[in-house]
1. Quick check on this structure: which one of A:401, A:413 is over 30 Å from residue A:142 (Cα atoms) and either under 35 Å from the mean Cα position of the chain (by Cα) or within 14 Å of chain B (Cβ to nearest Cβ) (or both)?
2. So, in the range B:97-115, of the ones that are in a helix (DSSP H, G or I), surrounded by fewer than 22 Cβ atoms within 10 Å (Cβ to Cβ) and free of Cβ contacts under 8 Å to residues at least 40 places away in the same chain, which residue ends up farthest from the other protein chains (Cβ to nearest Cβ)?
3. Scanning the range A:300-344 for residues that are in contact (Cβ under 8 Å) with a residue 60 or more places away in the chain and surrounded by 14 or more Cβ atoms within 10 Å (Cβ to Cβ), which turns out farthest from residue A:285 (Cα to Cα)?
4. Suppose the filter is under 20 Å from residue B:107 (Cβ atoms), free of Cβ contacts under 8 Å to residues at least 60 places away in the same chain and away from every other protein chain (no Cβ under 13 Å); does residue A:98 pass it?
5. Across the range A:100-111, what is the total count of residues that are part of a helix (DSSP H, G or I) and surrounded by 17 or more Cβ atoms within 10 Å (Cβ to Cβ)?
6. Which residue out of B:441, B:449, B:406 is in a loop (DSSP other than H, G, I, E, B) and either more than 10 Å from chain A (Cβ to nearest Cβ) or at pLDDT 60 or above (or both)?
7. Within the range B:237-332, considering only helices (runs of 4 or more DSSP H) that don't extend past its boundaries, which have at least 3 residues that are closer than 16 Å to residue B:350 by Cβ?
8. Hey, can you tell me all the residues within the range A:162-182 that are facing chain B (nearest Cβ under 10 Å) and touching a residue at least 40 places away in the same chain (Cβ under 8 Å)?
């Protein structure tokens, strides 16, 4: 409950606390409810009834607009105080009731029903505006998150494309460096070690030379492996945007895909209480609550049936639910209510049934819409997080490639192989130098160490 | 004629009006512009006793108050939403205005003769017409400017202008004034680019050129426009009206058809719907015959358009009016509707229709003539010269330092937006409120440049680049720890925080010297940015504020003897 309240505060006290779309949703319903009230309080003249209702609706709308540009003007920047929002919604009801009362009693000279008009207006406005703010706030929050993910996806795609282009270029560069710069040196190294082996030397030196030749072969092999790996890296493709990120508009479908039991019962109970408390006092209130329980039970049964039904059968079941609700409510309002509750101002059974069906439809439609949007958002979040992971992986791969290139071009690998080559060249080409056997052994050992390091380095750079 | 052909012809007849109809009809101009009509309608058509001065005053007050009831909606709809929403809203606003009028009349101790639902419907239709009319008149005024702007923007964007410029009229124009105009334009354009290039995008520059032409070239060239007999409503509205009446045959019957729904509801107020339809149908048939008669007389007498239009009005007033009043008197059963009031209502309706017809004819006239005006301007500006001047201006600006600063700032903002969105998505949108996320998105929408990720991952290198970028405008000194000379986990955020602080100091504080000191202590990065600018507090939260709040919630900004000091910490 606390979590729900927090969520309610979060989504309802932002820009939708008072907004034109929420007012547009609220006003027709409020108009119908008020007109229904005036059918009893100012009977027999539709023109006057309309005037009384409109006097309240238009002044309350003006108050809402004034609140939007004064006390709640910062609602687009940050969440507002929940108490303040509740006060605005409740005062809207007071104004609505007061001006209806004023117009009816002072301008049109009808009997005064101040308490009745103001109380029902306050109840309806507070709850109606809160629901309007919550419903629009929820969809707005989801929509914002979707837009944020779409924008983020744009950034990711842009970085991805950029990284792909660089990675391809880097790979080409690494292959060329290996093929043109290092591979010839390794071949030269192999030739040198083979050549040195033919020179008559001691066993120890022969062993060192043998080891050197093996190291050179190992290096050549490792170089080949790295080259093959580099060549086998596929050129990255620019990511294809998922349809989820391209579709920017919410699905306009208003037909429900889910039956809302809890919200419908809430609507029916509160709506019934507001209407009947003004018309039939306690017995009316009890009749509406009892009716809500019956409708709730029927809804529960149909909800279960819908959960188990095949998808192609669901539409039919939905229509059946509404027809069934209409029939049951008609029977309840026309037969049971007059017998059991004996109301002074009972509602017309046709009207009552239509209203119940509309309330259930509205609740289910809202829930389905929210459900649909939430599932789309969830898919978008999943896709976005996986594309971020892919981007991170790609960044890591790019960093390895970059390190390979740095090392092969001007890093340790280049130096170690060149050092080994230089040492061996000393043994074979520089005839002026009088190299002792000890010196030769040292040089070969040093070349061996350099080659071992080179192999380690190249293994470290393995992709 | 087949029905579909009639439909096509009617549709074609509407096209001049559609072409001038603005996307959004509910505007403040329409709201203010319709106040006199709102008052006149209340006094003439609603007030039951027009000869009573006190009553007329009361209805004026009622009309003004009821008109004001539309203000909140205009405030909300102005410059927002689609054309369709605006058309529906125009009707809805009228119904609200009508309802308020009906409701407050008893407060002033007078009564609206119509029931509230009928008044609402009637007023809804009236204001739909009025808002559409104002929109079309605005369209006539604004169309040329729009075309001119498109023409210049196309030139600035280096589009092929061969298609824009027709050589049709080029040879017919005397070269001397043309050369003068070119020379003058060239100077003005250069001045304008030099003066106004700061802070403007290329498109804004084009609009600046447009302003220069609007302010300087057009008034000076008005003689040429006059000589060329061009319709130019901004210069001589009365002349346009007169010219329209004398040169354009008024689409009288079409306008009558257009106004039929309004007349129908107006007549229904005083009788049954059936009687109203009957009366309106009779009126249309009579007018159709009279219009044909007027055309026939004009052709036979070889008279001009002016004579033809005068005949229309004459027949409408002298023949159709009395016939309709007589038939109306027989058909309408409303006891309150005396013959005097009926005649008065007919006179009011006739006057309103003639006004409507005048506007309609003017729109048609402007539609027929509008291309000539643009053609004239196009022939006045030889493409090579204009392109040369514009290109010179654009190139010099593109190379300017300002473009570099602007680009750097936009890229910094885009990077900040990306980091904020990443943070929001990573935290499942719990780190930022919905409103803050929306503000970041709105900012991204405003930044038109494509995002380019900074290659430099080492914070020190990136910050040195920042120093280079702003060189010449602000001296920036960086005192960075060795930890920032290599890539680090939070390096991008740290660099961005420093960039944001520096750009804020330059942009808002107008700082000339900025010193950045950064040190790391126990995996926490401390940032201090001291500048010699002024601490400027803005009520509006910018992207920088959001960025600091999300990534360095303890950030502070205070003024000291050296200027302004920004301090913050963030995880290293």
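1. Values: A:413 fails: either under 35 Å from the mean Cα position of the chain (by Cα) or within 14 Å of chain B (Cβ to nearest Cβ) (or both).
One residue alone meets the criteria, A:401.
2. In the first step, residues of the range B:97-115 are kept if they are in a helix (DSSP H, G or I); the result is B:97-104, B:106-108.
Then keep just the ones that are surrounded by fewer than 22 Cβ atoms within 10 Å (Cβ to Cβ); that gives B:104, B:106-108.
Okay, now just the ones that are also free of Cβ contacts under 8 Å to residues at least 40 places away in the same chain, so B:106-107.
On the way: B:106: 5, B:107: 7 Å.
If we take residues in the range B:97-115 being in a helix (DSSP H, G or I), surrounded by fewer than 22 Cβ atoms within 10 Å (Cβ to Cβ) and free of Cβ contacts under 8 Å to residues at least 40 places away in the same chain, then B:107 is farthest from the other protein chains (Cβ to nearest Cβ).
3. A:318
4. Values: under 20 Å from residue B:107 (Cβ atoms): yes; free of Cβ contacts under 8 Å to residues at least 60 places away in the same chain: yes; away from every other protein chain (no Cβ under 13 Å): yes.
Yes; evaluated as a whole, the condition is true for this residue.
5. At the first step, the residues of the range A:100-111 found to be part of a helix (DSSP H, G or I) are A:100-107.
If we keep only those that are surrounded by 17 or more Cβ atoms within 10 Å (Cβ to Cβ) as well, we get A:100-105, A:107.
Qualifying residue count for the region: 7.
6. Values: B:441 fails: in a loop (DSSP other than H, G, I, E, B); B:406 fails: in a loop (DSSP other than H, G, I, E, B).
Every option except B:449 fails the conditions.
7. Values: elements: B:237-247, B:252-268, B:273-301, B:305-314, B:321-331.
Where helices (runs of 4 or more DSSP H) fall fully within the range B:237-332 and carry at least 3 residues being closer than 16 Å to residue B:350 by Cβ, they are B:252-268, B:273-301, B:305-314, B:321-331.
8. We begin by selecting, within the range A:162-182, every residue facing chain B (nearest Cβ under 10 Å); these are A:162-163, A:166.
Matches in the range A:162-182: A:163, A:166.
The values are calculated or read from the model by the stated rules, or taken from the named source; none is laboratory data. These numbers come from a predicted model, not from an experiment. Here the Cβ is made from the backbone with ideal geometry for all residues, glycine too, and neighbour counts use every protein chain on show.
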